[in-house]
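Readers should treat all values here as calculations from the given coordinates under stated rules, not as data from a laboratory. Everything quoted here is computed from the prediction, not taken from an experiment.
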Amino acid sequence: ADAEAAQAADTAGLTRQQPGAMGLGSSQQRLTPPPGWTPPPKPDPMTQGRSRKR
């Protein structure tokens, strides 16, 4: 593996590894939300978990 062989190597399909992309599930691509999408509003903590008294 001299310098000439390193220069002649085909590196078309190789990409530099992303930082933090090691471990299980790192080969799956991240889903990007469609343009214009906003996450739903968070639930109101004052109106949750209380049942009406009878």
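In sequence order, what are the phi-derived ³J(HN,Hα) couplings for region 5-14 according to the Karplus relation 6.51 cos²θ - 1.76 cosθ + 1.60 with θ = phi - 60°, rounded to whole Hz, with x for glycine and proline?
Per residue, the Karplus-derived 3J(HN,Hα) values read 5, 5, 6, 7, 5, 7, 10, 5, x, 9 Hz.
With θ taken as phi - 60° and the coefficients 6.51, -1.76 and 1.60, list the Karplus ³J(HN,Hα) couplings across region 27-41 in order, rounded to whole Hz; mark glycine and proline as x.
In residue order, the calculated couplings are 7, 7, 6, 6, 7, 9, x, x, x, x, 7, 10, x, x, x Hz.
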